[in-house]
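The block underneath contains the structure these notes are about, expressed in C-alpha coordinates.
The values are calculated or read from the model by the stated rules, or taken from the named source; none is laboratory data. Since this is a predicted model, take the numbers as computed values, not measurements. Methodologically, a virtual Cβ is constructed for each residue, glycine included, from the backbone with ideal geometry; neighbour enumeration extends over all protein chains shown.
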Amino acid sequence: MKLAALRKFLLHTGLFLAGLVIGALLFAPWDQLWTRALVLAAGRLPVSMSWRQVDGASATSVRVKGLAFATPKGMVEFSEARLSLGLSPLVRLSLRTGSQVFDVSASLGGDVRLGGGVDVGALLPGRNMDGGLSLSGALHFDTWKRPPSSGTLAASASTLVLPNAMRVEQMQLAADLKGSDLTLRSFTLDKPVPMEAAGTVALNFRRLADSEVNVTGTAKVGPTGTKFKKQGTLGSLL
(Lines give C-alpha, C1' and ligand atoms only; values in the text may rest on other atoms or scores of the structure.)
Protein backbone atom coordinates (compact mmCIF):
# COMPACT_ATOMS: atom_id res chain seq x y z
CA MET A 1 0.00 0.00 0.00
CA LYS A 2 2.78 2.40 0.85
CA LEU A 3 4.52 1.76 -2.49
CA ALA A 4 1.25 2.17 -4.38
CA ALA A 5 0.52 5.42 -2.53
CA LEU A 6 4.00 6.73 -3.30
CA ARG A 7 3.56 5.96 -7.00
CA LYS A 8 0.20 7.70 -6.99
CA PHE A 9 1.68 10.73 -5.26
CA LEU A 10 4.57 10.95 -7.73
CA LEU A 11 2.19 10.58 -10.67
CA HIS A 12 -0.09 13.34 -9.46
CA THR A 13 2.87 15.57 -8.64
CA GLY A 14 4.39 14.98 -12.09
CA LEU A 15 1.09 15.78 -13.81
CA PHE A 16 0.72 18.94 -11.74
CA LEU A 17 4.22 20.16 -12.59
CA ALA A 18 3.74 19.29 -16.25
CA GLY A 19 0.54 21.30 -16.24
CA LEU A 20 2.36 24.28 -14.76
CA VAL A 21 5.08 24.10 -17.41
CA ILE A 22 2.60 23.73 -20.27
CA GLY A 23 0.51 26.58 -18.91
CA ALA A 24 3.57 28.80 -18.63
CA LEU A 25 4.60 27.99 -22.20
CA LEU A 26 1.11 28.58 -23.57
CA PHE A 27 0.20 31.74 -21.71
CA ALA A 28 3.52 33.50 -21.14
CA PRO A 29 3.72 36.96 -22.83
CA TRP A 30 6.10 35.76 -25.51
CA ASP A 31 5.56 38.81 -27.74
CA GLN A 32 6.79 41.03 -24.92
CA LEU A 33 9.70 38.72 -24.05
CA TRP A 34 10.89 38.53 -27.67
CA THR A 35 10.52 42.30 -28.02
CA ARG A 36 12.74 42.72 -24.97
CA ALA A 37 15.28 40.36 -26.54
CA LEU A 38 15.25 42.46 -29.74
CA VAL A 39 15.83 45.63 -27.73
CA LEU A 40 18.84 44.03 -26.03
CA ALA A 41 20.19 42.79 -29.39
CA ALA A 42 19.74 46.23 -30.97
CA GLY A 43 21.80 47.78 -28.20
CA ARG A 44 24.78 45.58 -29.12
CA LEU A 45 24.78 46.33 -32.85
CA PRO A 46 27.06 48.93 -34.49
CA VAL A 47 24.09 50.15 -36.59
CA SER A 48 20.56 51.20 -35.69
CA MET A 49 17.93 48.42 -35.84
CA SER A 50 14.16 48.94 -35.89
CA TRP A 51 11.02 46.89 -36.51
CA ARG A 52 7.33 47.52 -37.05
CA GLN A 53 5.69 44.58 -35.26
CA VAL A 54 6.45 41.40 -33.31
CA ASP A 55 3.82 38.66 -33.49
CA GLY A 56 3.30 34.90 -33.77
CA ALA A 57 5.65 34.47 -30.83
CA SER A 58 6.11 31.31 -28.77
CA ALA A 59 8.87 29.81 -26.65
CA THR A 60 10.70 28.59 -29.77
CA SER A 61 9.73 30.97 -32.58
CA VAL A 62 8.92 34.57 -33.42
CA ARG A 63 8.00 36.67 -36.46
CA VAL A 64 9.26 40.23 -36.85
CA LYS A 65 7.65 42.46 -39.49
CA GLY A 66 9.36 45.48 -41.00
CA LEU A 67 12.88 44.70 -39.76
CA ALA A 68 15.29 47.46 -40.84
CA PHE A 69 18.91 48.47 -40.30
CA ALA A 70 20.17 52.02 -40.79
CA THR A 71 23.73 51.81 -42.14
CA PRO A 72 26.10 54.59 -43.29
CA LYS A 73 25.35 53.51 -46.90
CA GLY A 74 21.56 53.57 -46.47
CA MET A 75 18.74 51.36 -45.23
CA VAL A 76 18.71 47.55 -45.34
CA GLU A 77 15.14 46.26 -45.01
CA PHE A 78 13.37 42.92 -44.63
CA SER A 79 9.60 42.85 -44.89
CA GLU A 80 9.55 39.85 -42.53
CA ALA A 81 11.98 37.79 -40.45
CA ARG A 82 11.12 34.46 -38.81
CA LEU A 83 13.33 32.89 -36.16
CA SER A 84 12.82 29.27 -35.05
CA LEU A 85 14.72 27.33 -32.38
CA GLY A 86 14.94 23.54 -32.29
CA LEU A 87 17.26 20.58 -32.24
CA SER A 88 17.95 19.97 -35.94
CA PRO A 89 18.62 22.62 -37.06
CA LEU A 90 19.46 24.42 -33.84
CA VAL A 91 18.46 27.80 -35.30
CA ARG A 92 16.64 28.71 -38.50
CA LEU A 93 16.22 32.26 -39.76
CA SER A 94 14.00 33.10 -42.75
CA LEU A 95 14.30 36.59 -44.25
CA ARG A 96 11.72 37.90 -46.71
CA THR A 97 12.37 40.70 -49.20
CA GLY A 98 9.49 41.32 -51.61
CA SER A 99 8.41 37.88 -52.86
CA GLN A 100 11.82 36.29 -52.17
CA VAL A 101 12.79 34.30 -49.05
CA PHE A 102 16.34 33.59 -47.90
CA ASP A 103 16.96 30.89 -45.26
CA VAL A 104 19.89 30.49 -42.86
CA SER A 105 20.08 27.42 -40.64
CA ALA A 106 22.74 26.48 -38.09
CA SER A 107 23.48 23.18 -36.35
CA LEU A 108 25.12 22.53 -33.00
CA GLY A 109 28.23 21.17 -34.75
CA GLY A 110 29.05 24.53 -36.36
CA ASP A 111 27.55 23.94 -39.81
CA VAL A 112 25.56 26.74 -41.42
CA ARG A 113 23.51 26.33 -44.60
CA LEU A 114 22.32 29.18 -46.80
CA GLY A 115 19.71 29.10 -49.53
CA GLY A 116 17.02 31.12 -51.22
CA GLY A 117 16.54 34.42 -52.97
CA VAL A 118 16.82 38.15 -52.34
CA ASP A 119 14.84 40.96 -53.93
CA VAL A 120 17.64 43.51 -54.26
CA GLY A 121 15.35 46.50 -54.72
CA ALA A 122 13.35 45.69 -51.60
CA LEU A 123 16.49 44.87 -49.58
CA LEU A 124 18.26 48.12 -50.49
CA PRO A 125 15.52 50.76 -50.94
CA GLY A 126 16.39 54.11 -52.44
CA ARG A 127 19.46 52.81 -54.31
CA ASN A 128 17.79 52.56 -57.76
CA MET A 129 18.46 48.83 -57.85
CA ASP A 130 16.17 46.04 -59.02
CA GLY A 131 16.15 42.31 -59.69
CA GLY A 132 16.40 39.01 -57.87
CA LEU A 133 19.56 37.32 -56.62
CA SER A 134 19.67 33.58 -55.84
CA LEU A 135 22.15 32.49 -53.17
CA SER A 136 23.23 29.13 -51.77
CA GLY A 137 26.11 27.83 -49.72
CA ALA A 138 27.44 25.99 -46.70
CA LEU A 139 29.83 27.28 -44.04
CA HIS A 140 31.62 25.59 -41.16
CA PHE A 141 32.58 27.32 -37.92
CA ASP A 142 35.20 25.69 -35.67
CA THR A 143 33.94 28.04 -32.97
CA TRP A 144 31.08 30.53 -33.04
CA LYS A 145 33.42 33.23 -31.72
CA ARG A 146 35.46 33.27 -34.95
CA PRO A 147 34.70 33.67 -38.68
CA PRO A 148 33.94 30.51 -40.73
CA SER A 149 36.90 28.22 -41.38
CA SER A 150 35.63 26.70 -44.64
CA GLY A 151 32.69 26.71 -47.01
CA THR A 152 31.23 27.03 -50.48
CA LEU A 153 29.18 29.86 -51.95
CA ALA A 154 27.17 30.28 -55.15
CA ALA A 155 25.14 33.17 -56.57
CA SER A 156 23.18 33.75 -59.75
CA ALA A 157 20.87 36.33 -61.27
CA SER A 158 19.01 36.46 -64.55
CA THR A 159 18.72 40.28 -64.45
CA LEU A 160 20.06 42.92 -62.06
CA VAL A 161 19.70 46.67 -62.42
CA LEU A 162 22.54 48.55 -60.72
CA PRO A 163 22.42 52.14 -59.37
CA ASN A 164 23.96 53.57 -62.56
CA ALA A 165 21.09 51.98 -64.59
CA MET A 166 23.43 49.27 -65.89
CA ARG A 167 21.68 45.96 -66.58
CA VAL A 168 23.58 42.82 -65.63
CA GLU A 169 22.19 39.66 -67.21
CA GLN A 170 22.85 35.94 -66.67
CA MET A 171 25.37 36.39 -63.88
CA GLN A 172 26.78 33.32 -62.12
CA LEU A 173 29.41 33.03 -59.39
CA ALA A 174 30.95 30.06 -57.56
CA ALA A 175 33.53 30.32 -54.76
CA ASP A 176 35.25 28.24 -52.07
CA LEU A 177 36.38 29.44 -48.65
CA LYS A 178 39.32 28.13 -46.62
CA GLY A 179 40.37 30.21 -43.66
CA SER A 180 40.59 33.81 -44.83
CA ASP A 181 41.23 32.80 -48.46
CA LEU A 182 38.24 32.97 -50.81
CA THR A 183 38.86 31.30 -54.16
CA LEU A 184 36.64 32.62 -56.94
CA ARG A 185 36.34 29.49 -59.08
CA SER A 186 34.23 31.10 -61.75
CA PHE A 187 32.39 34.30 -62.51
CA THR A 188 30.44 34.69 -65.75
CA LEU A 189 27.87 37.08 -67.21
CA ASP A 190 26.33 37.78 -70.60
CA LYS A 191 25.57 41.52 -70.35
CA PRO A 192 26.56 44.33 -70.43
CA VAL A 193 29.76 42.63 -71.66
CA PRO A 194 30.19 38.85 -71.97
CA MET A 195 32.80 37.99 -69.36
CA GLU A 196 34.56 35.07 -67.68
CA ALA A 197 36.80 35.52 -64.65
CA ALA A 198 38.46 33.74 -61.72
CA GLY A 199 40.69 34.81 -58.87
CA THR A 200 41.25 35.09 -55.14
CA VAL A 201 40.18 37.33 -52.28
CA ALA A 202 42.23 37.61 -49.08
CA LEU A 203 39.39 38.36 -46.69
CA ASN A 204 39.70 40.89 -43.90
CA PHE A 205 36.89 39.75 -41.61
CA ARG A 206 37.21 42.81 -39.38
CA ARG A 207 36.73 45.16 -42.33
CA LEU A 208 35.56 43.46 -45.52
CA ALA A 209 36.11 46.58 -47.62
CA ASP A 210 39.87 46.17 -47.01
CA SER A 211 39.94 42.61 -48.38
CA GLU A 212 42.57 42.20 -51.11
CA VAL A 213 41.16 41.14 -54.50
CA ASN A 214 43.14 39.59 -57.37
CA VAL A 215 41.02 38.68 -60.42
CA THR A 216 41.91 37.84 -64.01
CA GLY A 217 39.58 37.06 -66.90
CA THR A 218 38.44 37.68 -70.43
CA ALA A 219 35.83 40.16 -71.65
CA LYS A 220 34.43 39.86 -75.14
CA VAL A 221 34.35 43.26 -76.80
CA GLY A 222 33.28 43.01 -80.41
CA PRO A 223 34.42 39.87 -82.25
CA THR A 224 37.47 39.32 -80.03
CA GLY A 225 38.19 38.69 -76.38
CA THR A 226 40.24 41.06 -74.23
CA LYS A 227 42.12 39.80 -71.20
CA PHE A 228 41.98 41.89 -68.04
CA LYS A 229 43.37 41.89 -64.52
CA LYS A 230 41.97 43.64 -61.45
CA GLN A 231 43.85 44.10 -58.18
CA GLY A 232 43.06 46.17 -55.14
CA THR A 233 40.85 46.30 -52.08
CA LEU A 234 37.23 45.22 -52.32
CA GLY A 235 36.09 48.69 -51.32
CA SER A 236 38.08 50.49 -54.00
CA LEU A 237 36.98 48.09 -56.74
CA LEU A 238 33.33 48.40 -55.82
Next item on the list: State whether one or more residues within region 61-69 are closer than 17 Å to Val104 by Cβ and in contact with a Gly (Cβ under 6 Å, 6 or more places away or on another chain).
Entry: yes
Check: What tally of residues in region 58-104 results from selecting those that are charged (D, E, K, R) and either touching a residue at least 60 places away in the same chain (Cβ under 8 Å) or closer than 20 Å to Gly137 by Cα (or both)?
Finding: 4
Note to self: If a residue must be closer than 16 Å to Asp181 by Cβ and either under 24 Å from the mean Cα position of the chain (by Cα) or assigned to a loop (DSSP other than H, G, I, E, B) (or both), how many such residues does region 207-232 contain?
What the structure shows: 5
Next item on the list: Find the residue count for region 53-76, including only residues that are touching a strand residue (DSSP E or B) at 6+ places or on another chain (Cβ under 6 Å) and either assigned to a loop (DSSP other than H, G, I, E, B) or among the charged types (D, E, K, R) (or both).
Entry: 5
Check: Restricting to region 45-70, what's the tally of residues that are of a type in the set (D, E, K, R) and touching a helix residue (DSSP H, G or I) at 6+ places or on another chain (Cβ under 7 Å)?
Finding: 1
Notebook entry, point to check: If you scan region 122-151, which residues turn out to be among the polar types (S, T, N, Q), closer than 22 Å to Val76 by Cβ and modelled with pLDDT of 95 or more?
Noted result: Ser134, Ser136
Check: Does Val201 satisfy the condition of being in contact with a Leu (Cβ under 6 Å, 6 or more places away or on another chain) and surrounded by 12 or more Cβ atoms within 10 Å (Cβ to Cβ)?
Finding: yes
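Is at least one residue of region 46-53 surrounded by 14 or more Cβ atoms within 10 Å (Cβ to Cβ) and modelled with pLDDT of 90 or more? Show your work before the answer.
Within region 46-53, the subset surrounded by 14 or more Cβ atoms within 10 Å (Cβ to Cβ) is 49, 51.
With the extra rule that they be modelled with pLDDT of 90 or more, the set shrinks to 49, 51.
Yes; the residues of region 46-53 include at least one that is surrounded by 14 or more Cβ atoms within 10 Å (Cβ to Cβ) and modelled with pLDDT of 90 or more.
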Check: So which residues in region 206-238 are surrounded by fewer than 12 Cβ atoms within 10 Å (Cβ to Cβ) and in contact with a Ser or Thr (Cβ under 7 Å, 6 or more places away or on another chain)?
Finding: Ala209, Lys227, Lys229
Check: For Ala138, are the conditions met, namely being of a type in the set (Gly, Ala, Ser) and within 23 Å of Gly222 (Cβ to Cβ)?
Finding: no
